[in-house]
Amino acid sequence: MDYLFLITILLGAMTYHVTGYPTGAPIVACEQMRPYHPPTTTTGEPPFAIKITQTFYKPGSEIKGTIYSPTGVLFRGFLIEARLQDASSTDPYGTFSVIDSNTQTQCGMGSKQGLTHVSNTNKTSVNFSWTAPPASVGDINFRLTVVESYNVSRYWLRIFSAVLEDCAKHIDNPGCDGHTTPPNTGSTPPSNQSTESTQHMTTTTQELTTTAGSKIPYDAQCGKTIGCFPKCPSGCDFLVSWQPPLTNRNGDIQFDIKMMVQQTTSLWVAVGLSKTGKMDKTSVAACVTNEAQAVDILSSHNVDHQNIPYTNPKLGLTLIHSSVSGSEISCSYVRQRSANDSNFWDLSELLYLVVGTGPFLQGALQPHSSIPVVSKYRVNFSEASVPNTGDTTSSLVKLHASLMVIAWVFFSSVGVLVARHCKSLVESETMCGVKYWFAIHRSFMLCAALCVIIAFVVIFIEVGGYSQVAAAPGKAFTKAHPILGIIVTALTVLNPLMALIRPAPDGEYRFLFNWAHFLVGTSAHILAVITIFIGVNITKANVNSNVAMAVMGVYVGVFVLVHLAMEIYNKRQSSVKSGYIKFNNMADSSSTTISLQMRSIYYSIHQNDNNRSIKTSGSSVNVQKVESNTPFLQRVLVIHVLLMAVAAFVMVYLIASATQTDQL
């Protein structure tokens, strides 16, 4: 059956290219109204329209019309049918008559339910005559497919006329009681043409980007006759719909997925049915495109974070229709209720819906380029439900990000400032046997190290080991995040280990430790901040990257300015103290301030004494230490601590409040 179908398509395509369908259009062409030319993409609004003489019909009445281009674009081929306006059936209605030498009747009973071209010569317009069916069938409009050119295969699908109202249902229509209505030349689909949309096609292998503001129309039948995901009445970035198997004995269900994408080649868009609401334990139906944009359907399942194809690559799936229209990919398929595989979930179960997209390379689905969107609750596919999207942002990812921010934006930033610039504060007092500045520095840096280690372990648990980042389009730099994170963690652990074996303050090699401690700690801090900047752009975090980048930018600016201000202040203070010292209890019992440069002094200083003994040529004096307990240092330190706390709090709030949207 598959071979017969393919042969029919190929024969139909060849005859259609040359002279239309001289021996009758294939059934599949009449049903889908789609030329079998090479793969296609859109080029814009259709340059063709349908003009009809009236907007109502009675059984057996005749309606005339014209296929034309308002802008004068020539065309070569066409196929027009009359179908139910609500798209509840794909059957054509009524019959066409030949009134133009460029036309012939095709399709349906007696080959008169469709009208097509005789030859592929250029045409400016085509006239047609249509006779309504002998009995009332409901509102109708004409549906048109136009082939503009063959050399560069360009054709246009789903061009609609204005609605022909059934007088049996619209007795208030002025034309139905003997009066006529003005002709209508509109070709825009009516507002309630819910299951059809105008598509315009042309062959190209160029990658396309999404048009700004373009959306997939939300189907008015969602929640009524079909199930839909997600709920997006104002327009959708993607829309999955399914028809409950009310008349299907086997319980098989037809799924339709439409998605706006940033490139149309080498791509997969997939609908997953999950038992967990995550990627693990998910049965996947993926519509894939190759470099020529040909669409195929593949069946697979996920185990943990790995996608595994079934032995039969199309297990339980039958592709019905697919197309690539500009930056929109559309795919319709039937999924069997069940299959002979333990990882193929039964549609009678309640399952989560998972929708994702990513690159398709070397015949395999590559990691998704954005975080998949998951339904908030399990779906009953026998009902026309409309589930909302759920929050798929992992709590472990949020914990990892929050701990890293607290470690570097708050603890490390304060600890570094105290060690670098605040040693002179309360220098003569100690806490737990060490000076205050060192006690604060050590406590804050140990807290930072503890946060980093916990965050490191948490993210490895979340991703199940080392895992590369799936970079969104235009954000390939995010792939550096896990590598930089490992380096930062290694440096964070190394620095306190080095401190455990540091030489004594007066040791010969103490200066080497000081430099190594400074370089390792500074490198870790700088790389950590860079890693945070990268991390807020990872799609899995779902953070508002613009706001987060702005907050981190302000943090860096404040951190640098405070360090510069304190560096300048301490340098000035150091230059003043180096020239003068205060002497007390001299031989004449007076206090005198003298310049050390006035005469040569031989002295010895006992490092552990608060009052140091200095020997001169004729007397011994005591030196009183001058402490720099200035209000400036205290104020700047307090301001710095508060600003770092605010920056960390804002970042943690952005991370904790991040939720999954219905965008991919």
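The values are calculated or read from the model by the stated rules, or taken from the named source; none is laboratory data. Model, not experiment: these values are computed from the prediction. Glycine gets a Cβ as well: all are built from the backbone with ideal geometry, and neighbour counts include every protein chain shown. Areas reflect the complete protein model, heavy atoms only, side chains present, ligands, DNA and RNA absent. Shrake-Rupley method; radii C 1.70, N 1.55, O 1.52, S 1.80 Å.
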query: Which of the residues spanning the range 278-318 are out of contact with any Gly (no Cβ under 7 Å at 6 or more places or on another chain), under 25 Å from Phe460 (Cα atoms) and assigned to a loop (DSSP other than H, G, I, E, B)?
result: Lys278, Met279, Asp280, Lys281
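So which of Lys51, Lys123, Lys64 ends up being open to solvent by less than 40 Å² (accessible area, probe 1.4 Å), of a type in the set (D, E, K, R) and either touching a residue at least 40 places away in the same chain (Cβ under 8 Å) or in contact with a Lys or Arg (Cβ under 7 Å, 6 or more places away or on another chain) (or both)? So that I can check it myself, show each step before the final result.
On the way: Lys51 fails: open to solvent by less than 40 Å² (accessible area, probe 1.4 Å); Lys64 fails: open to solvent by less than 40 Å² (accessible area, probe 1.4 Å).
So the residue among Lys51, Lys123, Lys64 that is open to solvent by less than 40 Å² (accessible area, probe 1.4 Å), of a type in the set (D, E, K, R) and either touching a residue at least 40 places away in the same chain (Cβ under 8 Å) or in contact with a Lys or Arg (Cβ under 7 Å, 6 or more places away or on another chain) (or both) is Lys123.
Kindly provide the set of residues from the range 130-145 that are in a strand (DSSP E or B), out of contact with any Gly (no Cβ under 8 Å at 6 or more places or on another chain) and either among the charged types (D, E, K, R) or surrounded by fewer than 22 Cβ atoms within 10 Å (Cβ to Cβ) (or both), ordered by number. Steps first, please.
Going through the range 130-145, the residues in a strand (DSSP E or B) turn out to be 130-131, 140-145.
Now restrict to residues that are out of contact with any Gly (no Cβ under 8 Å at 6 or more places or on another chain): 141, 143-145.
Answer for the range 130-145, where residues must be in a strand (DSSP E or B), out of contact with any Gly (no Cβ under 8 Å at 6 or more places or on another chain) and either among the charged types (D, E, K, R) or surrounded by fewer than 22 Cβ atoms within 10 Å (Cβ to Cβ) (or both): just Arg143.
Inside the range 614-664, can you point out the residues that are touching a Phe, Trp or Tyr at 6+ places or on another chain (Cβ under 7 Å), modelled with pLDDT of 85 or more and either farther than 19 Å from Ala419 by Cβ or crowded, with 16+ Cβ neighbours inside 10 Å (or both)?
From the range 614-664, those touching a Phe, Trp or Tyr at 6+ places or on another chain (Cβ under 7 Å) are 614-615, 621, 623, 632, 644-645, 647-648, 664; that's our starting set.
If we keep only those that are modelled with pLDDT of 85 or more as well, we get 644-645, 647-648.
Within the range 614-664, Met644, Ala647, Ala648 meet the criteria.
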- line: Checked the range 88-120 for anything in contact with a strand residue (DSSP E or B) (Cβ under 6 Å, 6 or more places away or on another chain), open to solvent by 40 Å² or more (accessible area, probe 1.4 Å) and under 14 Å from Arg143 (Cβ atoms); matches are Tyr93
Strands (runs of 3 or more DSSP E) contained in the range 223-269 and holding at least 1 residues out of contact with any helix residue (DSSP H, G or I) (no Cβ under 9 Å at 6 or more places or on another chain) and basic (Lys, Arg): 253-260
statement: (1) part of a loop (DSSP other than H, G, I, E, B); (2) touching a helix residue (DSSP H, G or I) at 6+ places or on another chain (Cβ under 6 Å); (3) within 30 Å of His305 (Cα to Cα) all hold for Ser467 apart from (2)
- prompt: With (1) at pLDDT below 85; (2) open to solvent by 40 Å² or more (accessible area, probe 1.4 Å); (3) under 26 Å from Asp296 (Cβ atoms) as the list, and Pro245 as the residue in question, which single condition is left unmet?
  reply: (2)
- prompt: Any idea how many residues of the range 146-156 are in a loop (DSSP other than H, G, I, E, B) and touching a strand residue (DSSP E or B) at 6+ places or on another chain (Cβ under 9 Å)?
  reply: 3
task: Please specify each residue of the range 38-58 satisfying the condition of being at pLDDT below 80 and either touching a helix residue (DSSP H, G or I) at 6+ places or on another chain (Cβ under 7 Å) or not in a loop (DSSP other than H, G, I, E, B) (or both).
output: Thr41
- prompt: Among strands (runs of 3 or more DSSP E) lying entirely in the range 74-124, which contain 2 or more residues that are farther than 17 Å from Ile50 by Cα and at pLDDT 85 or above?
  reply: 103-106
statement: Selection over the range 149-179 where residues are open to solvent by 40 Å² or more (accessible area, probe 1.4 Å), touching a Phe, Trp or Tyr at 6+ places or on another chain (Cβ under 9 Å) and modelled with pLDDT of 75 or more yields a count of 2
query: In the range 277-310, which residues are closer than 24 Å to Thr389 by Cα, without any contact (Cβ under 8 Å) to a residue 60 or more places away in the chain and surrounded by fewer than 18 Cβ atoms within 10 Å (Cβ to Cβ)?
result: Asp280, Val303, Gln306
field: Criterion: touching a helix residue (DSSP H, G or I) at 6+ places or on another chain (Cβ under 6 Å), open to solvent by less than 10 Å² (accessible area, probe 1.4 Å), under 30 Å from Ile459 (Cβ atoms) and not polar (S, T, N, Q) - qualifying residue of Val373, Val405, Val355
entry: Val405
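Quick check on the range 202-237: of everything there that is farther than 30 Å from Glu383 by Cβ and either hydrophobic (A, V, I, L, M, F, W, C) or at pLDDT 90 or above (or both), which residue is surrounded by the most Cβ atoms within 10 Å (Cβ to Cβ)? Walk me through it before giving the result.
Our first condition is that a residue be farther than 30 Å from Glu383 by Cβ; within the range 202-237, this holds for 202-214.
Next cut, either hydrophobic (A, V, I, L, M, F, W, C) or at pLDDT 90 or above (or both) only: 208, 212.
Details: Leu208: 18, Ala212: 5.
Among those residues, the one meeting the criterion is Leu208.
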message: Among the residues in the range 180-200, are any surrounded by 18 or more Cβ atoms within 10 Å (Cβ to Cβ), assigned to a strand (DSSP E or B), touching a strand residue (DSSP E or B) at 6+ places or on another chain (Cβ under 8 Å) and at pLDDT 85 or above?
response: no
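Select from the range 67-86 the residues that are open to solvent by less than 30 Å² (accessible area, probe 1.4 Å) and of a type in the set (A, V, I, L, M, F, W, C) and write down the one among them that is farthest from Ser161 (Cα to Cα). Spell out the reasoning first.
So the first thing to find is which residues in the range 67-86 are open to solvent by less than 30 Å² (accessible area, probe 1.4 Å), and the list is 67, 69, 75, 77-85.
Next, only the ones that are of a type in the set (A, V, I, L, M, F, W, C) stay: 67, 75, 78-80, 82, 84.
Values: Ile67: 10, Phe75: 18, Phe78: 14, Leu79: 13, Ile80: 10, Ala82: 10, Leu84: 12 Å.
That would be Phe75.
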- prompt: Among the residues of the range 434-453, is there at least one that is open to solvent by less than 60 Å² (accessible area, probe 1.4 Å), in a loop (DSSP other than H, G, I, E, B), at pLDDT below 90 and not β-branched (Val, Ile, Thr)?
  reply: no
query: Mind checking which pairs have a first residue in the range 431-443 that is without any contact (Cβ under 8 Å) to a residue 12 or more places away in the chain and a second that is among the hydroxyl-bearing types (Ser, Thr, Tyr) and surrounded by fewer than 18 Cβ atoms within 10 Å (Cβ to Cβ), Cβ under 9 Å, 6 or more apart or different chains?
result: Tyr436/Thr430; Ala439/Thr430
task: Go through the range 299-328 and count every residue that is among the small types (Gly, Ala, Ser) and at pLDDT 90 or above.
output: 3
- prompt: Do we have Gly474 as modelled with pLDDT under 85, exposed (fewer than 14 other Cβ atoms within 10 Å of the Cβ) and over 24 Å from Leu654 (Cβ atoms) here?
  reply: no
field: Residues located in the range 483-508, provided they are open to solvent by less than 50 Å² (accessible area, probe 1.4 Å) and at pLDDT 90 or above
entry: Leu484, Gly485, Val488, Thr489, Leu491, Thr492
statement: The condition from (1) surrounded by fewer than 19 Cβ atoms within 10 Å (Cβ to Cβ); (2) more than 21 Å from Leu239 (Cβ to Cβ); (3) among the hydrophobic types (A, V, I, L, M, F, W, C) that Trp345 misses is numbered (1)
